[in-house]
1. Yes or no: segment 202-209 includes at least one residue that is under 14 Å from Leu158 (Cβ atoms) and either of a type in the set (Phe, Trp, Tyr) or touching a residue at least 60 places away in the same chain (Cβ under 8 Å) (or both).
2. Can you find a residue in segment 189-197 that is in a loop (DSSP other than H, G, I, E, B) and touching a residue at least 40 places away in the same chain (Cβ under 8 Å)?
3. Of all residues in segment 223-234, count the ones that are at pLDDT below 95, acidic (Asp, Glu) and more than 17 Å from Met88 (Cβ to Cβ).
4. So which residues in segment 122-138 are in a strand (DSSP E or B) and touching a Lys or Arg at 6+ places or on another chain (Cβ under 7 Å), if there are any at all?
5. Please go through segment 139-172 and give me each residue that is farther than 26 Å from Asn252 by Cα and in a loop (DSSP other than H, G, I, E, B), ordered by number.
6. For segment 190-221, name all the residues that are closer than 13 Å to Asp243 by Cα and of a type in the set (A, V, I, L, M, F, W, C).
7. Report whether or not Val103 is in contact with a Cys (Cβ under 8 Å, 6 or more places away or on another chain) and either modelled with pLDDT of 95 or more or in a strand (DSSP E or B) (or both).
8. Among the residues of segment 98-130, which ones are touching a residue at least 40 places away in the same chain (Cβ under 8 Å), more than 20 Å from Asp56 (Cα to Cα) and loosely packed, with under 15 Cβ neighbours inside 10 Å?
Amino acid sequence: MIEIRPSDRTVVHHAVVFIREPGSKWLPDAKPGVPFVPMVANSGQRFGNTQGQGNDVLCIYTPGMVPDIYKPGQAKQIKAGSDLVFQMHYTASGKPGKDQTKVGLVWAKEPPTERIITIGALNNRFTIPAGDPSFQAEAVTPIINPMTVMSFFPHLHLRGRAFQYDIIYPTGETQTVLKVKDWSLNWQLSYKLEKPIQLQPGAKVKVTGWWDNSANNPANPDPKVDVKWGEQSWEEMLIGFFDVAVDPKITNKNIYAKRPSSE
């Protein structure tokens, strides 16, 4: 079981805790206990730092998030000697504030039979035209190894209007498994599945986001500008996270690699 709790929720846009394993080259100049802002030399480096440079996600906080609770035999792995790296995204509210975000863990009491990994479908190459009331973009992630989908967590920003997850099966059949019709940056839920979804190699997970960049959107910071991918709330994102349960031999580094049939 895992939970992130900010102390000042008015300024915490999101918090992501990454598991930086021993030997990782990510953020080599960062010192434990000292706040660190990565150098932004170009969008590629900025994006890599945002995504954790391939390091696994332990958990995510957004307004409305509930704790991640896994079934007996399921767990996320934190290797001995790992660092927990807090990625804090603060958005100024106009008032001074202090925050001390914490993470709480309940450890597995026995070796897990399934590893939980957070993956997602992502699109960072869209441009939302100024004034567009219903812009749409998609992202697709292929399924290479057998897995069980445990939950969905859609993420957009202030102009976000709706979000949808579809499963595209190897037969070509498409099934809509989640549609959030009234997206809100101020209340972002992780949708825990009552009946987890079994996926086999050859399937795909497609996510679709809709945005309202018109003056009719009361949350729109500026309907007169084109909007692209960015970390701040007045920019936009399209990420469809989902937690999956997999064989413990699969990690976030090889989950998109086909395993030999002898394994």
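The values are calculated or read from the model by the stated rules, or taken from the named source; none is laboratory data. For clarity, every value in this text was computed on a predicted model and none was experimentally measured. A quick note on method: Cβ atoms are made from the backbone with ideal geometry, for glycine too, and the neighbour counts reach across all protein chains shown. Accessible surface is based on the protein model in full, side chains and every heavy atom, while ligands, DNA and RNA are left aside. Shrake-Rupley method; radii C 1.70, N 1.55, O 1.52, S 1.80 Å.
1. The answer is yes; a qualifying residue exists.
2. Scanning segment 189-197, I find at least one residue that is in a loop (DSSP other than H, G, I, E, B) and touching a residue at least 40 places away in the same chain (Cβ under 8 Å), so the answer is yes.
3. Within segment 223-234, residues that are at pLDDT below 95, acidic (Asp, Glu) and more than 17 Å from Met88 (Cβ to Cβ) number 0.
4. Thr127, Ile128, Glu138
5. Those that are farther than 26 Å from Asn252 by Cα and in a loop (DSSP other than H, G, I, E, B): Leu158, Arg159, Thr171, Gly172.
6. Here is the first cut: in segment 190-221, the ones closer than 13 Å to Asp243 by Cα are 190-193, 196-199, 205.
Leu193, Ile197, Leu199, Val205 - these are the residues of segment 190-221 that are closer than 13 Å to Asp243 by Cα and of a type in the set (A, V, I, L, M, F, W, C).
7. Criteria met by Val103.
8. Lys98, Asp99, Gln100, Arg125, Thr127, Pro129, Ala130, listed by residue number.
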